[in-house]
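Q: Pasting a structure below so you can have a look.
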Amino acid sequence: MLPEGIPWRNKHGREFDMTQTCPCGRDRSYADCCGRFLDGPDRPEAAEELMRSRYTAYVLERIDYLRDTLWPRNQPLFDMAATARWAGENHWAGLTVIDVRDGGPADREGTVLFEARFLSAGQLHTHRECSRFKKKKGRWFYVEAVPE
Ligand SMILES: [Zn+2]
């Protein structure tokens with residue numbers, strides 16, 4: 001049994017439609033939601049927006065976006081190839097944001113607790129993480145996973 005169906009193909013945008021509901025699960029089109037950040041020109045104003053857009057980047061295999069939104073000091077350690085392989089092998093099945101602390105437009109730090117569901121080798125898995133985000137020069141970055 002799959003939650004909420006799996007409307008998305010994750011293979012390089014196949015069947016991708018800008019007017020479809022955003023993969024992050026918000027009741028908005030991709031263009032009005034995470035597409036503003038993945039394709040520009042906007043930048044997330046809140047940690048939750050960045051978290052959602054990073055999930056969508058996994059779905060659409062936008063590995064460059066995942067690197068560019070990492071805390072700058074961590075970017076050299078980011079393994080593009082391994083991340084691309086992992087994102088491509090999994091079939092992303094939905095995102096639930098459970099809790100948000102700070103991370104608003106006026107904050108400099110914040111955390112987002114979420115669950116991302118994915119199918120891997122025919123099995124449904126849940127990745128649960130409390131992510132820490134920090135702002136630098138007015139821009140949000142993903143720093144690391146922290147204890148809940
Ligand atoms: Zn979205």
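Q: Of everything in the range 22-45, what is within 12 Å of the ligand (Cβ to nearest atom) and touching a residue at least 40 places away in the same chain (Cβ under 8 Å)? Give them in sequence order.
A: Answer for the range 22-45, where residues must be within 12 Å of the ligand (Cβ to nearest atom) and touching a residue at least 40 places away in the same chain (Cβ under 8 Å): P23, C24, G25, P44.
Q: For the range 111-136, how many residues are modelled with pLDDT of 95 or more, farther than 17 Å from C24 by Cβ and not β-branched (V, I, T)?
A: Of the residues in that region, 5 qualify.
Q: A follow-up question, please. Looking at (1) out of contact with any Phe, Trp or Tyr (no Cβ under 8 Å at 6 or more places or on another chain); (2) away from the ligand (no atom under 15 Å from the Cβ), can you tell me which one E48 breaks?
A: E48 satisfies every listed condition except (2).
Q: List the residue pairs whose Cβ atoms are under 6 Å apart, where the first residue sits in the range 65-86 and is without any contact (Cβ under 8 Å) to a residue 40 or more places away in the chain and closer than 18 Å to E49 by Cβ, the second is surrounded by 16 or more Cβ atoms within 10 Å (Cβ to Cβ) and not charged (D, E, K, R), and the two are 6 or more positions apart or on different chains.
A: If the second residue must be surrounded by 16 or more Cβ atoms within 10 Å (Cβ to Cβ) and not charged (D, E, K, R), the pairs left are Y65/L38; Y65/A57; L66/A57.
Q: Taking E115 and the conditions (1) within 16 Å of the ligand (Cβ to nearest atom); (2) within 21 Å of P147 (Cβ to Cβ); (3) touching a residue at least 60 places away in the same chain (Cβ under 8 Å), which numbered condition does it fall short on, given that it satisfies the others?
A: (3)
Q: Tell me, which residue of the range 84-127 that is assigned to a strand (DSSP E or B) and charged (D, E, K, R) is surrounded by the fewest Cβ atoms within 10 Å (Cβ to Cβ)?
A: Looking at residues that are assigned to a strand (DSSP E or B) and charged (D, E, K, R), I get D99.
Q: Further question on the same structure: Would you mention how many residues in the range 45-79 are part of a helix (DSSP H, G or I), in contact with a strand residue (DSSP E or B) (Cβ under 7 Å, 6 or more places away or on another chain), hydroxyl-bearing (S, T, Y) and modelled with pLDDT of 95 or more?
A: Qualifying residue count for the region: 1.
Q: Also: Quick one: count up the residues across the range 128-148 that are exposed (fewer than 13 other Cβ atoms within 10 Å of the Cβ) and within 23 Å of P41 (Cβ to Cβ).
A: Of the residues in that region, 3 qualify.
Q: Okay, next question. Give the residues of the range 88-110 that are modelled with pLDDT of 95 or more and either touching a Pro at 6+ places or on another chain (Cβ under 9 Å) or among the aromatic types (F, W, Y) (or both), sorted by residue number.
A: So in the range 88-110, the residues modelled with pLDDT of 95 or more come out as 95-110.
Hits for the range 88-110 are L95, T96.
The values are calculated or read from the model by the stated rules, or taken from the named source; none is laboratory data. These numbers come from a predicted model, not from an experiment. Glycine also receives a Cβ, built like all others from the backbone with ideal geometry; neighbour counts cover every protein chain displayed.
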